[in-house]
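One structure below.
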Amino acid sequence: MEIFVQQIVNGLVLGSIYALVALGYTMVYGILGLINFAHGDITMIGALVALTVAQVMAAAGLPVPLILAAAGAAAILVCAVIGLTVERVAYRPLRRAPRLAPLITAIGVSILLQYSAALVWGKQYIAMPELWVPHKLTLAGAQFTALQLVIFALACLIMAGLILFIRYSRMGRAMRATEQNAEVAGLMGVNTHHVIAFTFVLGSAIGAVAGLMVVLYYGIGHYFMGFMLGLKAFTAAVLGGIGNVGGAVLGGLLLGVIESLASGYIGDLTGGVFGSNYRDVFAFLVLVLVLIFRPSGLLGRHSGDRA
Amino acid sequence: MTGRVPVPWRWLLLAAAVLLVLPFAVEMLFGRAWLRIVDVALLFVMLSLGLNIVVGFAGLLDLGYIAFFAVGAYCYALLASPHFGIHASFLLLLPAGALIAGVFGVLLGAPTLRLRGDYLAIVTLGFGEIIRIFLNNLNRPFNLTNGPQGITLIDPLSVSGFSLAKTHTVAGLSFSGLHNYYYVFLVFVLLTVLISRRLEYSRIGRAWFAIRDDELAAAAMGINTRNLKLTAFAMGATFGGVAGGLFASFQGFVSPESFQLIDSIMVLCMVVLGGMGNVWGVVLGAVLLTTLPEALRYIGPLQQRFLGEVLIDPSDLRMLLFGAALVLMMLFRPNGLWPPAQRRYPATEAGHG
């Protein structure tokens, strides 16, 4: 039982990170109908930028809150710029191209980002400096660190903020209008190019925060880390119903818990035949099952074409 | 039909002569290493022609294509190596590999058929990764794949004691293993090209193009889109499986390392850069993308010589160029270097000019 609660707690923390990355996929998909393959790699860049800033500042002996703020800000800035550039250069010219074309540029951008990162940071794993001594808390039999709590709380805060923003702000309304029908929104005076660019910036910035969380949580960064993270976040978005912001949150948390429980119990359940080295398989399994049985996701609308 | 002008005999003879002499010319001019590259290039031509059926003909974006290659390769490796002590003949194993890969193709295709192309891309990508994870870990509970170490000492192709890996001297010419495999691969490539071309002009091929261009309209015209898409998957996978078996016998060694996502993307690049849907374009793409990166290897020593140190790792540079090429191709030449002829079929005999 204790293990169960513990795995749920771990899963929720991991899931909140997935959810943040999934938001980037789902927002772009909602508006453009495009899977932004490069989103995971944008998150990776955010993570590595944050890591570098933290390394430099920690070496200079600056206070921890300042380090975190600076690392986060730097990551957000760099990712926002990259997101904007990628949209402008690689996706916008292809807005009316056949469906396969933007997907292939997205793969190209993803490779470009990965290997640019490999050039800048090298291919080895980079360690995050230890900023503080982990502080263990206990609640209802589950142990967790203050960091886990902060990650979860911050992620919830961002997600709630985003949902409110989309519902109530002027830009949020423009985003929803563009999502429903870009052409008509344009006729109504919405500058859809701006809205789309803004969506990319917003998604990338949130991805940057997720990247910072990943390096804080796992303590290491790597030029290829965006691949798996992106794939899982995408799975989370599909699970929740792609294009649906609330769905991405739900899907992310759910996927985190599923993965955590599955890799925690698979060894016992199969008598040690399969171990936690199969952990990455679960996300794909979930993806395939969702696509077979409920292609529109948990909260998605039913529509033949979207699905 | 336009686009099917009969090629004059003398050109065909010339091409045949060039292809026959090629391995000796390459070995003489560039050395053994390049002969090996030519062999590998032929394998990749097969692979990309297989993927071309899925992506180019039927318009289904498959990002896990290398998995079928892996299935074929492991099928051959397991049943023709000391690993299990089984040494079956390739006459049995190549068709078996093709069949198993084809079944995998259908299994993978079935759940994704109702979905839009981009979902398909992700699912196939996931499938490719799953296969690799299993290959990597199935050395427990019993040792099926030998895990990350892979399987070694795989039998070469041989017919009643005549092994392709050995050097044979015929009429004063010495045919090494690399030469022998070249001719075998060449036969397979020619077969693949032939099948691709015949498919292209067949009823199935035309139905694939219709699905690719507008699935709804195709379905309305009475095309059974589900079965045809599955056929495309199965066909493409079959080619991959055969190529995999050949690869295993040629290399003598397989490991999960050879079947990563990046290899799927490489094959996709070949198809896209060459010209999706055009068999000759795809052949060109595959040849270019296997030989050019090899040439990039010289960039490392060049940097050493002129800059004093290796600033950019050549393999990283290669990947950067791939990424850039994918983006630029889609932006400026979305149909590839050698796109398929636009008006393949005289749509209306009377109309149009």
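Placing a label point 7 Å from the Cα of A:ARG99 along the Cα-to-Cβ direction, the residues of region A:9-37 with a backbone N closer than 17 Å are A:29-37. Spatial offset of region B:35-56 relative to region A:214-289 amounts to 34 Å, using the alpha carbon center of each. Residues whose amide H comes within less than 5 Å of that of A:ILE220, counting only those at least five positions distant or on another chain, are A:MET128 (H built at 1.01 Å from N in the peptide plane). Distance between the modelled labels on B:VAL106 and B:PHE24, one decimal in nanometres: 4.6 nm (7 Å Cα→Cβ projection). Shown is the FRET efficiency for A:MET188 and B:LEU331, computed with R0 = 35 Å from the Cβ-Cβ distance and rounded to the nearest 0.05: 0.70. Only helices reaching 27 angstrom along their own axis (Cα) with mean Kyte-Doolittle hydropathy no lower than 0.0 count here, and for the DSSP H runs of chain A these are A:2-32, A:39-59, A:64-86, A:100-121, A:146-168, A:192-218, A:245-269.
Remark: spin-label model distance A:ALA69-B:ASN227 equals 6.8 nm, labels positioned 7 Å along the Cα→Cβ axis.
The residues neighbouring A:PHE198, those whose beta-carbon lies less than 15 Å from its own, together hold a net charge of +3 under the Lys/Arg +1, Asp/Glu -1 convention. By the count of neighbouring beta-carbon atoms within 10 Å, fewest first, B:SER202, B:SER255 end up ordered B:SER202, B:SER255. Counted as membrane-span-like here are DSSP H helices of chain B whose alpha-carbon atoms extend 24 Å or more along the helix's own axis and whose Kyte-Doolittle mean is 1.0 or above; these are B:9-30, B:32-52, B:90-112, B:177-200, B:279-296, B:314-332. Taking R0 as 41 Å, what's the FRET efficiency between B:ARG198 and B:ASN139 from their Cβ-Cβ distance, rounded to 0.05? Calculated value: 0.45. Within region B:7-24, name every residue whose backbone N is under 16 Å away from a label modeled 7 Å from Cα of B:ALA171 along the Cβ vector. Inside the label zone: B:16-24.
Measure out, as a whole number of angstrom, how far apart the alpha-carbon centroids of region A:1-38 and region B:163-228 sit. Taking the Cα centre of each part, region A:1-38 and region B:163-228 sit 42 Å apart. Counting neighbouring beta carbons within 10 Å and listing from fewest to most, the residues A:LEU103, A:LEU239, A:LEU154, A:LEU269 come out as A:LEU269, A:LEU154, A:LEU103, A:LEU239. Restricting the calculation to Cα atoms, every distinct pair contributes to the Kirkwood radius of region B:1-100, found to be 16.9 Å.
Ordering A:LEU34, B:LEU20 by the number of other Cβ atoms within 10 Å of each residue's own Cβ, fewest first, gives B:LEU20, A:LEU34. The stretch between B:ARG32 and B:ILE299, if pulled fully straight at 0.36 nm per residue, gains 94.1 nm over its current Cα-Cα span.
Taking label positions 7 Å along the Cα-Cβ direction at both A:ARG176 and A:HIS135, the computed distance is 4.0 nm, reported to one decimal.
Every Cα-Cα pair of region B:26-332 was included, and the share exceeding 30 Å stands at 35 percent.
Values quoted throughout were computed directly from the atomic coordinates according to the rules given, and no laboratory measurement underlies them. Every value quoted in this text rests on a predicted model; they were computed, and no experiment measured them. Quick reminder, even Gly has a Cβ in these numbers, built from the backbone with ideal geometry, and neighbours come from all protein chains shown.
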